[in-house]
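So that we are looking at the same thing, I have put the structure below in structure tokens.
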Amino acid sequence: MSWNEPGGGNNSRDPWGGGNQGPPDLDEALKKLQQRLGGLFGGSKGGGGGGGGASASFFIVLLLGAAIVWALMGLYQIDEQERAVVLRFGKYHSTARPGLQWNPPLIDEVIRVNTTKVRAASFREIMLTQDENIVEVKMSVQYIIDDVKNYVLQVREPENSLQQAAKSALRHVVGGMTMDLVLTEGRTRIATEVDDRLQDYLTSYTTGIRLSAVNVDDSKPPSQVQAAFDDVIKAREDEERVKNEAQSYANGIVPEARGQAQRQIEEASAYREQVIAKAEGEADRFSNLLAAYRKAPVVTRERLYLDAVQNVLANTSKIMVDVEGGNNVMYLPLDKLGTSTTPTRGGAPMSINTSNIRELTDAVTEQLRRDAAAQQARRGGR
């Protein structure tokens, strides 16, 4: 006979203490558990207190529901472009990466930061340049969050720190440049130098910010001096215009002057060669004439005389001929002889040239000599 058969004599061996009862009832076990919990929380331990058991059961259900809600509150999703800083009791615990995460709520604090979003900050500053002029520069800075932990924990206001550091870097760079450079082609140089200097500042401050781009949007003089600056710009433009005109004039006149100088140099060289050649020719002619004179002095002297007379008569239109021993002076109208024409044997007119004049002069001279010799002979005969 088994220990739980009815009528058995070993009822004391029932592990549930139920005597002649059947298998243990679940309701009875739950009631006992409720009684024990009720005793722990100040409830009645007696089986007759139905109201205490109901309140304890409600409390347990409420406690279990709160635990479930608390556990569900710890679940969260981190997007791919985000990172999260986990603080446990206010102290850094870890950095959560993309995916489904769970942290105990009310114990851990999760701070999410978008690390791929490009943020921008812009500002406008009035500052002094190296040549003690005032300029107004507008600059914009683009950046992303590179280190989430430093961005959240190391600096209280990272954006404000970025603004102050950017202004400091801009003042340092602009303060080392002239106003003309800042207002004209120096913008790219300003952006590059500010980028390098500002990134060094942000790294030393452990802000967790990495710069993407630095742009100088505008640079101009302050509005208070805009009119004076416009006058300066106009004067500078006039200066450039005058310079360009002068350069254009120089480009036109300098090559011409160089050409004239080269032409004069060539003419001088040609004149030198001409003078040298003429001098050498005269020297050679004199040498030849000297040799001829040594061979026939009388003929050569007569020939030289005739050449000299010819050169003289070629430049005058009137000749007075005086024969030694004669009383008559002959006048030769060479201007009329040079322009008149004389008939030839064929009847055709022929102009008188230098050779004809020379022949005529020789003939006249010879005739005058003959007349003078005859007259002298007649005087001697007397």
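The values are calculated or read from the model by the stated rules, or taken from the named source; none is laboratory data. Computed from a predicted model, the values in this text were never measured in an experiment. Neighbour counts are summed over all protein chains in view; Cβ atoms, including those assigned to glycine, are modelled from backbone coordinates with ideal geometry.
One residue is enough: does segment 279-292 have a residue meeting the conditions closer than 30 Å to Ala363 by Cα, in contact with an Asp or Glu (Cβ under 6 Å, 6 or more places away or on another chain) and either free of Cβ contacts under 8 Å to residues at least 40 places away in the same chain or surrounded by 10 or more Cβ atoms within 10 Å (Cβ to Cβ) (or both)?
no
Residues Gln163, Gln247: which one is part of a helix (DSSP H, G or I) and within 17 Å of Glu125 (Cβ to Cβ)?
Sole residue among the options that is part of a helix (DSSP H, G or I) and within 17 Å of Glu125 (Cβ to Cβ): Gln163.
Look at Ala246 and say whether it is at pLDDT 90 or above, small (Gly, Ala, Ser) and not assigned by TED's automatic domain parsing to the domain that holds Asp131.
Judged against the criteria, Ala246 is a match.
For segment 179-199, name all the residues that are exposed (fewer than 14 other Cβ atoms within 10 Å of the Cβ) and either in contact with a Leu (Cβ under 9 Å, 6 or more places away or on another chain) or assigned to a loop (DSSP other than H, G, I, E, B) (or both).
Of everything in segment 179-199, those that are exposed (fewer than 14 other Cβ atoms within 10 Å of the Cβ) and either in contact with a Leu (Cβ under 9 Å, 6 or more places away or on another chain) or assigned to a loop (DSSP other than H, G, I, E, B) (or both) turn out to be Thr184, Glu185.
Between Gln77, Gln130, which is of a type outside the set (D, E, K, R) and within 27 Å of Tyr201 (Cα to Cα)?
Values: Gln77 fails: within 27 Å of Tyr201 (Cα to Cα).
Within the list Gln77, Gln130, the selection yields Gln130.
Could you list, in sequence order, all residues of segment 201-212 that are in a helix (DSSP H, G or I) and either at pLDDT 95 or above or among the small types (Gly, Ala, Ser) (or both)?
Ser204
Looking at Glu125, Glu109, can you tell me which residue is surrounded by 11 or more Cβ atoms within 10 Å (Cβ to Cβ) and either in contact with a helix residue (DSSP H, G or I) (Cβ under 7 Å, 6 or more places away or on another chain) or small (Gly, Ala, Ser) (or both)?
Glu125
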